[in-house]
Each structure stands twice: as C-alpha cells, then as structure tokens.
Amino acid sequence: MSAFSTSEILHNVVQHAAAGKSYRTLCQLCIEAELNIPDDIRFSEEIAQFYNIFMVSLLVTSQLNEAKYLWKRIPSHFKPTEPSNASQLYLRILWDIGVGLWESDLAKAYNLLLTTSWPEILERHVRNLRLSILRDTIRRLSTVHNKVSLAMLETAIGHSQQVIATEIGSFSWQIDSDSIVALPVNDGSQAKGDVAQLQQLLDNVDKLSDFVSYMGCKPMKVELSNKGKSSR
C-alpha cells in the first residue's frame, strides 16, 4: 500500500505549484501523482486542478509533445467540449493555447493567455508562459534582424505595440527611444534551464504512454516510500 494517499500527493503538487519553484520538480511530482490516480476516477475539482497544473507546466517548459500525450490520457469527463465548470474551461483553454503553439499561431496562444481571467494557482505559470513566448519571439526575430522593434512584435504576437510595451514593462525589460526591445541575458532562465534535466524523465513518460496505448491499459500505480522512492 502507498505510503502517501493520492490526495496527499495531489496536495504536494498544488503546494509546489503555488510556491513557484523548479518546473523539473513540479513535472516529476505531476507524473507521480498521475500514476496514482485510479482508473475509474470521477470528476473532482482537486483532480481537475491537478491536470491544469500539469498541462501549464509542460507548456511553460516547451514540452509540447508531452502536453499532447497528457491531453490524450486525461479522462474525457475532465475535458468536455462544452465545459460545465471553471476547471474544465481552463483546461480546454490551455489545450487551445498548446494547439496555437504547435501550429506557430502565436497570436492565438498569446491572446488566450492575456485575455483569460486565470485562477491564482495558475497566474504565475501563465505569466511565465507569456514571458517565454515573448522572449523566444524576440530571439527568433534577432536571428534575422539587427534590432527587434515593437512593430515587429506586433506583427508576430498579434497585439498592439501599446499592449506589448506594457507586457515588456511588467517583465522589467527595457525599450529604448526608438522602440527597440532590450532583452536581459539572464531573464526568465529558470524555465528553460529545467528543460535539459527534465527531458530524460519526460522521454520515459513518452515511452510509457506509447506502451500503454499499444496495450490498451493504464500503467500500474507508483508506490512511494517515505523517502520519496517508487516501487511496484
């Protein structure tokens, strides 16, 4: 029998998400929690919140393939086409944001991030995702242009220069008198820095997902000891 209940593991995920610490650790906690969710789980706000946290953490760290696998694994009653509560709605919106990122439709993804009224538990992570999109867009543009202007970002992101300038100001970046964006070298490095260390763990999840799909079953629950080790 597991040393920790599913509820306790999910509570640990929420605590870590609220603290805004390492995404590597957060994703690892989410993976462990998902493996302990019963096959016949009914809808609950606790589980729905967990799926929202897991999905946004994968999007923030640009693990788009893993986000697709997660979406496939999420039970249908947590992601209905017509959501009946806020948690279901947020999950559908996060999915639409992911689709926008996969299709390189940054305007769609950024608009949903910016115009949705997010719950407190997701706000920090949504902000980090906006930061990641802006930073990556600026860096991509800088590979073909000597300078990146607000006008260029307006075209790429699909929002007005005023909105983008406000966003950049909230991230403590700088815009010079010619509306050129100065991107800090070390700004927002945590989320990207976690990716390399996280990749091996997520690769294992990919393999597990492929195997589970082939076998038509769900992986065995993870038994956690008090030291945090797992066994069958």
Q: Convert each backbone phi in the range 126-131 into a coupling constant with the Karplus relation 6.51 cos²θ - 1.76 cosθ + 1.60 (shift: θ = phi - 60°), then list the ³J(HN,Hα) values in order as whole Hz, x for Gly and Pro.
A: 5, 4, 5, 5, 4, 4
Q. Based on the Cβ-Cβ distance from I121 to S142, what FRET efficiency comes out when R0 is 35 Å, to the nearest 0.05?
A. 0.55
Q: Kindly rank 62-72, 135-145 from highest to lowest mean number of other beta carbons found within 10 Å of each residue.
A: 62-72, 135-145
Q. How much solvent-accessible surface does E8 expose, in Å² to the nearest 10, with a 1.4 Å probe and all protein chains in place?
A. 100
Q. Rounded to two decimals, what is Rg over Rh for the range 1-89 when you use alpha-carbon atoms and the Kirkwood radius?
A. 0.94
**Q.** Dipole magnitude (debye, nearest 20) for the range 1-152, charges at Cβ of Lys, Arg, Asp, Glu
**A.** 780
**Q.** Heavy-atom accessible surface of the range 17-65: percent carbon and sulfur, 1.4 Å
**A.** 45
Q) Across the range 1-130, how many lysine pairs separated by 8 or more positions, or lying on different chains, have Cα atoms within less than 22 Å? A) 4
Q | Cα-centred dipole magnitude for the range 11-98, charges only on beta-carbon of K, R (+1) and D, E (-1), debye, nearest 20 | A | 240
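The values are calculated or read from the model by the stated rules, or taken from the named source; none is laboratory data. Note that the coordinates shown come from a computational prediction; the quantities given were computed from them, not determined experimentally. Using ideal geometry, Cβ is built from the backbone for each residue, glycine included, and neighbour counts are taken over all protein chains shown. Ligands, DNA and RNA are stripped out before the accessible areas are found, and what is left, the full protein with its side chains, is counted by its heavy atoms. Shrake-Rupley method; radii C 1.70, N 1.55, O 1.52, S 1.80 Å.
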